[in-house]
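Undergrad: Could you have a look at this structure, given as structure tokens, before my questions?
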Amino acid sequence: MLNIVLFGPPGAGKGTQADFLIKNYNLIHLSTGDILRSEIKEGTTLGLEAKKLMDNGLLVPDDVVIGMIKSQLEKNPTSNGFIFDGFPRTQKQAKELDKLLNQKSTSISVMLSLTVDDQELIKRLLKRGIDSGRADDQNENIITNRINEYNIKTTPLKDYYRLQNKLHEINGIGSVSEIANKLNQIIDNL
Ligand code: ADP
């Protein structure tokens, strides 16, 4: 199996690149942000609770997102592999993901980490806010909170995967196809 952690701050381009990777390598895309937004749309209890946190740019509790990923892994027993997008975001999530994959006799193959400076991220997210109407992209304070959450709680995960020789960092500034080519090369050399 090919299991990819697609990593980077909000606005780094994870979703865009995931679209190419799922087609090229026949993978299943698991975005915790997308799953949470669909829960909100459906008005579930989980969605309503998550919305309060997401609207403030704060992380949703680990157990909630871990449960979501667990059920998605169970729903797709015969996949070629998965792209984890926006997950894991904390040490606890990373450890639980390892356990879940271990139960399937598989593991994370690689972490692809897109790097983009804060100023560019804010610019991209505000533009996405206008284009998509996403509430958490429309307010600079919320965006700043998300970047702070990323810097404090999520960035340390690079070390977690670096220690396993799985971390690859890619400059996330450039054309979409340039970046996609770089990601393909890394995967093809694994
Ligand atoms: P972005 O990467 O642009 O912030 P996402 O769609 O990945 O967008 O996430 C949106 C929000 O959903 C986050 O700010 C957070 O509140 C919540 N969220 C998504 N994934 C996780 C996760 N793995 N752990 C905790 N909260 C999450």
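The numbers here are math on the coordinates, done by the rules we state, and not lab data. Worth saying up front: this structure is predicted, and the values here are computed from it rather than measured. Methodologically, a virtual Cβ is constructed for each residue, glycine included, from the backbone with ideal geometry; neighbour enumeration extends over all protein chains shown.
Undergrad: Counting just the residues of segment 28-43 that are polar (S, T, N, Q) and in a helix (DSSP H, G or I), which one comes out nearest to the ligand (Cβ to nearest atom)?
TA: As a first pass, look at segment 28-43 and keep what is polar (S, T, N, Q): 31-32, 38.
Those still in the list that are in a helix (DSSP H, G or I) too: 32, 38.
On the way: THR32: 3, SER38: 11 Å.
Taking the candidates together, the pick is THR32.
Undergrad: Yes or no: LEU46 in contact (Cβ under 8 Å) with a residue 24 or more places away in the chain and either part of a helix (DSSP H, G or I) or more than 22 Å from TYR150 (Cα to Cα) (or both)? Walk me through how you get there before you give the answer.
TA: On the way: in contact (Cβ under 8 Å) with a residue 24 or more places away in the chain: no; either part of a helix (DSSP H, G or I) or more than 22 Å from TYR150 (Cα to Cα) (or both): yes.
Against the criterion (in contact (Cβ under 8 Å) with a residue 24 or more places away in the chain and either part of a helix (DSSP H, G or I) or more than 22 Å from TYR150 (Cα to Cα) (or both)), LEU46 does not qualify.
Undergrad: Another question, then. Filter segment 54-80 down to residues that are among the charged types (D, E, K, R) and not in a loop (DSSP other than H, G, I, E, B) and give me whichever is farthest from LYS92 (Cα to Cα). Show your work before the answer.
TA: Within segment 54-80, the first condition is being among the charged types (D, E, K, R), and the residues that meet it are 55, 62-63, 70, 74-75.
With not in a loop (DSSP other than H, G, I, E, B) added as a condition, the list becomes 62-63, 70, 74-75.
On the way: ASP62: 7, ASP63: 9, LYS70: 14, GLU74: 20, LYS75: 22 Å.
If we take residues in segment 54-80 being among the charged types (D, E, K, R) and not in a loop (DSSP other than H, G, I, E, B), then LYS75 is farthest from LYS92 (Cα to Cα).
Undergrad: Residues that are under 16 Å from GLN93 (Cβ atoms): list the helices (runs of 4 or more DSSP H) wholly contained in segment 128-190 that include at least 1 such residues.
TA: Working: elements: 140-149, 157-162, 176-188.
Correct list: 140-149, 157-162.
Undergrad: Also, quick follow-up: Out of (1) more than 8 Å from the ligand (Cβ to nearest atom); (2) surrounded by 17 or more Cβ atoms within 10 Å (Cβ to Cβ); (3) within 13 Å of the chain's Cα centre (by Cα), the odd one out for LEU2 is which?
TA: Just one mismatch for LEU2, condition (3).
Undergrad: To continue, here is another question. For LYS51, are the conditions met, namely being more than 10 Å from the ligand (Cβ to nearest atom), in a helix (DSSP H, G or I) and basic (Lys, Arg)? Step through it out loud before you land on a result.
TA: Working: more than 10 Å from the ligand (Cβ to nearest atom): no; in a helix (DSSP H, G or I): yes; basic (Lys, Arg): yes.
In short, no.
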